[in-house]
Amino acid sequence: MTSLAAAEQRTATASRVIQPAWVRVMHWTNAVAIILMIMSGLQIYDASPLFNSLTFSRTVTLGGWLGGALLWHFAAMWLLMVNGLAYLVTGFVTGRFKKKLLPISPRGVISDAVAALTFRLSHDDLSKYNQVQRLLYAGIIAVGIVIVLSGLSIWKPVQFQYLTALFGGYDIARYVHFFCMSTIVAFLAIHVLLAVLVPKSLRAMIIGH
Amino acid sequence: MGRLRKLLIPGVDKKLLVRDATRLMPDLTRRRFISGGASFGALTLLTGCDVIDSDSAEEMLKKVSKFNDAVQAFIFNPHALAPTFPESAITKPFPFNAYYEVDDAPDIDGKDWKLEVSGLVENKKAWTLDELYKLPQQKQVTRHICVEGWSAIGSWTGTPLSYFLKVIGADTTAKYCWFQCADKDGYNSPLDMETALHPQTIMAFRFADEILPRAYGFPMKIRVPTKLGFKNPKYVISMEVTNDYKGGYWEDQGYNSFSGS
Ligand code: HEM
C-alpha cells in the first residue's frame with residue numbers, strides 16, 4: 001500500500017470521512033469545468049450543427065458567439081484535463097477506484113437497480129457505492145477519457161492524425177465528441193437527481209462526512 | 001474590436017451591414033465579444049457572485065488564448081504532413097465561405113493584379129500573375145477544416161511558399177508572413193514563419209486543376225493544410241515578412257491566432 005493510500009485510510013477511520021478532501025476538490029473542479037465545456041461547446045456546435053433540426057438556445061450557451069465560445073472552450077479544457085488527469089492518477093495510485101468501483105457484475109447492477117426503483121436500496125453506508133453507482137461512475141470516467149481524446153483529435157487532426165484516424169477520421173470524431181457530451185448530460189441529470197434525493201450523500205461530497 | 005467600431009460609420013445602411021455580417025458575428029451593437037447577456041447571467045448564477053465580471057473574464061480568456069498559441073507552436077511538427085486523399089474524395093461542390101455573399105467576392109482582373117512584396121526581403125519587386133505561374137508548382141488533395149467545425153476535401157495546385165520566400169530572399173528567421181487581401185473591408189492574416197515554411201504551405205493558383213475560380217480566391221490563395229480555413233487567405237494582394245504581430249481580420253475579433261490543425 002502506498003503512503004497516500006495509508007494516509008487516506010487513517011484519516012478515513014479517524015473521522016469517518018466518506019469523501020476525502022482530494023475527491024471533493026477534484027469533483028467540484030470537474031463539475032465547473034464540465035459545465036463550462038458543455039455550455040461553450042453547444043455554442044460552437046451551433047456554428048455548424050451536426051443535426052439540421054438541432055440547435056441550442058443562447059440561454060444554455062456560453063461565449064455569445066463562435067469566437068467567444070472557442071475562447072471559453074479552449075480555456076476550460078485545461079482545467080478539465082489537468083484536474084481529470086490528477087483525479088485518474090490519484091484514483092489509481094491510492095487504490096480508490098479498485099476499492100470503490102469494483103467489482104461490478106451485471107447481476108449486481110440489475111438487482112441494485114431493481115432495489116433502487118422499488119425504494120428498497122439502503123443508503124446507510126455512504127462509504128460503499130452500490131452496483132448502479134459503480135457502473136455509472138466507472139462509465140462516466142471512461143466517457144470523460146473518450147471525450148477528451150476525441151476533442152484532441154478534432155482540435156489537432158494533423159498533429160495528432162493517428163488519434164483522429166483511431167476515431168475514424170475528423171468528421172466521425174465530431175460525432176463521437178458530441179455523443180460523449182450527450183451521455184454526460186444524461187448522466188448529469190440522473191446524478192444530480194439522485195444526489196438531491198439522498199441529501200446526505202451531497203453533504204458528504206461537500207464537507208466530507 | 002477597433003475594426004467593428006470602424007464598421008459602424010454614420011450614414012452606412014445598418015441593415016446592409018447586418019446582412020453582410022454573417023450569422024456567426026457578434027451583435028454589432030455589442031462591443032464585448034466574449035459573452036452574451038443571457039449566458040453570462042447563467043454563469044453568474046453558477047458562481048453566485050459577480051467576481052467573474054466580463055472584463056476580467058475577457059482579459060483572462062485572451063491570456064489563455066496567447067498561452068494556447070505557444071502550446072500549439074510547440075506541438076507543431078514542421079515535418080508532419082497533413083493527410084492527403086484520392087481525387088475521388090474531393091467534396092463537390094466545394095463550399096464557398098466568407099463573411100459576405102459570393103456576389104460580393106473580389107472580382108480581380110488577372111492582367112492588372114500584382115503581388116506586392118515588402119518587409120524583411122531582399123527583392124521587393126512586385127510579381128505579375130504570369131511571372132508567378134512560371135514558378136514550380138505542386139498539387140495537394142487535403143482536408144480544409146473550418147473554425148466552425150465543418151470540413152471539405154479540395155485539390156489545390158501552386159508554388160510552395162518556402163520556395164517563393166527563398167526566391168525573394170526573405171529573412172526566414174522573421175516571425176511572420178503577413179497577408180493582405182482584396183476582400184471588402186480588407187481581410188488580412190498573419191502566418192507564423194514555421195508554418196509558412198511547411199512543405200505543404202503553397203501559393204495556390206489552381207483548384208481542381210482549373211485556374212482558381214473567383215469564389216475560391218482568384219488569383220491567389222495561400223493554402224495551409226495545417227491551419228484552420230480562416231488562416232488560408234484568398235484574393236491575396238500583398239505579403240509582408242515581419243517580426244511584428246500585426247493582427248488579422250478574425251484574429252482581432254477573438255479567434256485564436258495560431259489556429260493550427
Ligand atoms: C454539478 C452537479 C453535480 C452534483 C450536484 C454532483 C454530486 C455528486 C455527489 C453527491 C457525489 C457522491 C455521491 C455518492 O455518494 O454516490 C458525486 C460523486 C461523483 N460524481 Fe458528481 N456531481 C455533479 C457533477 C458531476 C459531473 C459533471 C461529473 C462528471 C462528468 C461527476 C462525476 C462524479 C463521479 C465520477 C463521482 C464519484 C467520485 C468518486 O467516488 O471518486 N459529477 N457527485
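Which helices (runs of 4 or more DSSP H) does segment A:92-209 wholly contain that include 3 or more residues that are loosely packed, with under 15 Cβ neighbours inside 10 Å and within 12 Å of the ligand (Cβ to nearest atom)?
In segment A:92-209, the matching helices (runs of 4 or more DSSP H) lie at A:131-155, A:170-197, A:199-207.
Residue-by-condition table, conditions (1) in contact (Cβ under 8 Å) with a residue 12 or more places away in the chain; (2) at positive phi; (3) surrounded by 18 or more Cβ atoms within 10 Å (Cβ to Cβ):
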site: B:A73; (1), (2), (3): yes, no, no
site: B:Y100; (1), (2), (3): yes, no, no
site: B:D130; (1), (2), (3): no, no, no
site: B:C146; (1), (2), (3): yes, no, no
site: B:I153; (1), (2), (3): yes, no, yes
site: B:L165; (1), (2), (3): yes, no, yes
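Go through segment B:171-192 residue by residue and tally those that are hydroxyl-bearing (S, T, Y) and part of a loop (DSSP other than H, G, I, E, B).
The number of residues fulfilling the criteria is 3.
Take segment B:201-211 and flag every residue that is in a loop (DSSP other than H, G, I, E, B) and over 16 Å from the mean Cα position of the chain (by Cα).
Within segment B:201-211, B:A208, B:D209 qualify.
Surrounded by fewer than 21 Cβ atoms within 10 Å (Cβ to Cβ) and within 14 Å of chain A (Cβ to nearest Cβ): does that describe B:F258?
Considered against the rule, which asks whether it is surrounded by fewer than 21 Cβ atoms within 10 Å (Cβ to Cβ) and within 14 Å of chain A (Cβ to nearest Cβ), B:F258 comes out as no.
Could we say that B:F230 is hydrophobic (A, V, I, L, M, F, W, C), in contact with a helix residue (DSSP H, G or I) (Cβ under 6 Å, 6 or more places away or on another chain) and not in a strand (DSSP E or B) here?
In short, no.
So, in segment B:93-143, how many residues would count as being over 30 Å from B:Q253 (Cα atoms) and part of a loop (DSSP other than H, G, I, E, B)?
13
Anything in segment B:195-245 that is surrounded by fewer than 20 Cβ atoms within 10 Å (Cβ to Cβ), β-branched (V, I, T) and over 18 Å from B:S155 (Cβ atoms)? List them, or say none.
B:T242
All of the numbers you see were taken from the coordinates with simple rules; none came from a lab. Since this is a predicted model, take the numbers as computed values, not measurements. For neighbour counting, all protein chains shown are included, and Cβ atoms are generated from backbone atoms with ideal geometry for every residue, glycine included.
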